[in-house]
Amino acid sequence: MSAQEVKLKLKETIRSVRELLLTLKKAAHEQLSRTAPKVTHTLDKSFDRASKGLSDTLKLISKKTTREQLELLRSYRSLLQKQNEFVEAKIKALEKQETSDANS
């Protein structure tokens, strides 16, 4: 893959992740606004910071050599996978708890 193709893919990734974060922010906001306005505000700020941090990081990565970009992006992917595993485990635990609460 050429450096130009990597830059293009990186821009697409940035755009996709931004869209994902905005979608997550909107969904979380809608869900939580019904139950906890203060938590909603805190989550909004957290998603905004995460989005900006990701955007800044990916811009810095795009200035590196192709080899460095690959190493950084692979490390970042690994971090995201671990975060996803954590979120999935938390969801399963909460679903299990919800089922137990409903049966009580």
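The single condition among (1) touching a His at 6+ places or on another chain (Cβ under 7 Å); (2) exposed (fewer than 10 other Cβ atoms within 10 Å of the Cβ) that residue 67 does not satisfy is (1). Residues that are touching a Ser or Thr at 6+ places or on another chain (Cβ under 8 Å) and surrounded by 10 or more Cβ atoms within 10 Å (Cβ to Cβ) do not occur anywhere in the range 77-97. May I ask you to verify whether residue 43 is at pLDDT below 85, touching a helix residue (DSSP H, G or I) at 6+ places or on another chain (Cβ under 7 Å) and assigned to a helix (DSSP H, G or I)? So residue 43 passes the test.
The values are calculated or read from the model by the stated rules, or taken from the named source; none is laboratory data. Everything numeric in this text was worked out from a predicted model, so none of it was measured. Counting neighbours? That spans all protein chains shown, and the Cβs are built from the backbone with ideal geometry, glycine included.
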